[in-house]
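Working notes, beginning with the structure itself.
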Amino acid sequence: MAQEFKLKGVTSPLNLKNLEKQEVEVEGVEGGKALLLKVQDKVYATSANCTHYGAPLAKGVLTPEGRLTCAWHGACFAVKTGDVEDAPALDPLSTYEVVEKDGAVYIKSDEATIKANRRQLNLKCSSVSDEKILVIGGGSGTVGAIEGLRGGGYNGQITVISKEGYQPIDRTKLSKALLADVSKAAWRSKDYYKDASIDIVEDEVKGVDFSSKKVSTKSGKSYDYSKLVLATGGTPRWLPLPGLKEGELGNVFVLRALPDTQGIVKAVGDNGKKVVVIGSSFIGMEVGNCLAGMKNDVTVIGMESEPMERVMGSKVGKIFRGLLEKNGVKFYMGAGVDKASPSKGDSSKVGAVHLKDGTVLEADVVIEGVGVAPATEYLKESGAKLEKDGSLKTNESFEVEGLNDVYAIGDIATYPYHGPGGNGNPIRIEHWNVAQNAGRSVANSIANPSAKPKPFIPVFWSALGSQLRYCGNTVGGYDDIVLQGEPEKPSFVAYYTQGETVVAVASMMKDPYMTQAAELMRRKKMPSKSELQKGVDILEVSLPSEIKI
């Protein structure tokens, strides 16, 4: 039953300015908080924390049209309704009626709602039409699509075919925390999707007949569809080297799914093991940092001069390396791998990694983090046109070129990028957030056929001894980096530029710079390279309402 709760220390009339935010305590509710915001001369009240990982939204970015974006991972909400605007949050915010009287300010709600700090997204659906949406895959893109469909009021049949054997999980926790328990990694319970009339089938797709709109699986079953969403993600690459090929030696792993983390955790045991990570990618760096924190002897091998140099540049890569070295991780950079050899004590398991310069690194466990390939093998006989890298080319709505009623999202989609420096050029982005936002965009297109594709700026994050925030993309490359702050702390913002255009922004300990940059990019209002070099602070740049990408 809704009642009025007084806000501590807040007086009437409220003197908030437009775009101002204020986190307040709710009297009578233990730990209860709310967020007051003013947009277009009206005051709103919402939950105080992001429903993704609990970040304080008072530190986020509020826009003139009423978007509130979290400073940590870019989750975005509509202030007026609390609804999710952008990934990675799944649940909306609670919204409260604001009441001013007797010189005080109150919100109308109930204690349980205030304590929950969210509005549970209700996907329950009992009335199902004959239309059939079939989603292949069980990752981030799938979550965005199925929850976006039901959350948007779609009442057709939804079936998910996933070979993973469990409901969608927070895959980002696999490399960052080596999470091995599905109950802790899953976004939702199986019953949650059952109540939403979403069937999750454990099976693997063998082929697709696009002309008859049928999908066949390895178990021998066939599924027809009205619309098909392909979201099969990436397949981890194995090095084609002796001892490092798939299944050749025990305790050699890639990292993509729960069984991978379960295998790594079992192999590491009580820790104190010698671990060699091949690849200084985000996955390699994250899992290396995690295992070092668990008191293992970790060595990372990278081909570049600094970790992630191709994407992040040597200056920023050096910062990442320094952070992991403080955690005890050793690096062999500019190194090539020759092979892995068996353990002397057990020839079925790995014992060492050999570098091309003759260096031999003892290893109880080896993890290969050398990238993924689009998981589209099942489409090779279907007549679908695959790009050179195995991906599918789509339009802005993620509709696959040359096919009717078929969408591709996530790691398998090459789509036109209209962010800064993109110019509509085709790009494939292997980011968790991009996949989920693409799924949400497809859901919106299906539920609202007349709606235009919803633009978004790619957002990425990583745990590398300190939290990295990143937005934008270097699809057309970059020729310089404007680095501001104190990299040694590390507290910095790195602006990746192509000519005068800022195409991507990375930050550590400088919230909400990344979020502000993403909103400026959406509006084509990012300052130029020259302006940044002259000292322009992007937090001081006002956000216009108009979206231009």
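The values are calculated or read from the model by the stated rules, or taken from the named source; none is laboratory data. Computed from a predicted model, the values in this text were never measured in an experiment. We place every Cβ from the backbone using ideal geometry, glycine too, and count neighbours over all the protein chains shown. We work out accessible area using only protein heavy atoms, side chains counted, and drop any ligands, DNA or RNA first. Shrake-Rupley method; radii C 1.70, N 1.55, O 1.52, S 1.80 Å.
For the reader, a short list of remarks on this structure follows.
- Within the set Arg150, Arg119, the sole residue that is over 30 Å from Ile429 (Cα atoms), outside any strand (DSSP E or B), in contact with a strand residue (DSSP E or B) (Cβ under 9 Å, 6 or more places away or on another chain) and not aliphatic (A, V, I, L, M) turns out to be Arg119.
- Exactly one residue out of Thr515, Thr497 is assigned to a helix (DSSP H, G or I), open to solvent by less than 60 Å² (accessible area, probe 1.4 Å) and touching a strand residue (DSSP E or B) at 6+ places or on another chain (Cβ under 7 Å): that is Thr515.
- Those residues of the range 468-484 which are surrounded by fewer than 22 Cβ atoms within 10 Å (Cβ to Cβ) and touching a helix residue (DSSP H, G or I) at 6+ places or on another chain (Cβ under 9 Å), in sequence order: Thr474, Asp480, Ile481, Val482, Leu483, Gln484
- Top-ranked residue in the range 141-165 [being open to solvent by 10 Å² or more (accessible area, probe 1.4 Å) and closer than 19 Å to Glu204 by Cβ; ranked as modelled with the lowest pLDDT]: Gly165
Residues checked against (1) open to solvent by 20 Å² or more (accessible area, probe 1.4 Å); (2) touching a residue at least 60 places away in the same chain (Cβ under 8 Å); (3) assigned by the TED database to the domain that holds Ala352:
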| residue | (1), (2), (3) |
| --- | --- |
| Ser183 | yes, no, no |
| Asp191 | yes, no, no |
| Ile198 | no, yes, no |
| Lys206 | yes, yes, no |
| Asp209 | yes, yes, no |
| Thr217 | no, no, no |
| Pro259 | yes, no, yes |
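- Number of the condition not met by Glu381 [criteria: (1) assigned to a loop (DSSP other than H, G, I, E, B); (2) of a type outside the set (Gly, Ala, Ser); (3) closer than 30 Å to Asp297 by Cα]: (3)
- Of all residues in the range 16-40, those being in a loop (DSSP other than H, G, I, E, B) and more than 21 Å from Lys80 (Cβ to Cβ) number 6.
- Selected residue (only one of Val505, Val536 is outside the structural domain of Glu286 (by the TED database), closer than 26 Å to Leu323 by Cα and at pLDDT 95 or above): Val505
- Screening Ser280 with (1) hydroxyl-bearing (Ser, Thr, Tyr); (2) under 30 Å from Lys124 (Cα atoms); (3) surrounded by 14 or more Cβ atoms within 10 Å (Cβ to Cβ); (4) at pLDDT 95 or above gives one miss only, at (2).
- None of Val84, Val99, Val61, Val79 is open to solvent by less than 40 Å² (accessible area, probe 1.4 Å), over 18 Å from the mean Cα position of the chain (by Cα) and either among the acidic types (Asp, Glu) or within 22 Å of Phe460 (Cβ to Cβ) (or both) except Val61.
- The lone exception for Ile429 - which of (1) part of a loop (DSSP other than H, G, I, E, B); (2) farther than 20 Å from Pro88 by Cβ; (3) open to solvent by less than 50 Å² (accessible area, probe 1.4 Å) it fails: (2)
- Restricting the range 316-374 to residues that are open to solvent by 60 Å² or more (accessible area, probe 1.4 Å) and of a type in the set (Ser, Thr, Tyr) leaves a set whose member that is farthest from the chain's Cα centre (by Cα) is Ser347.
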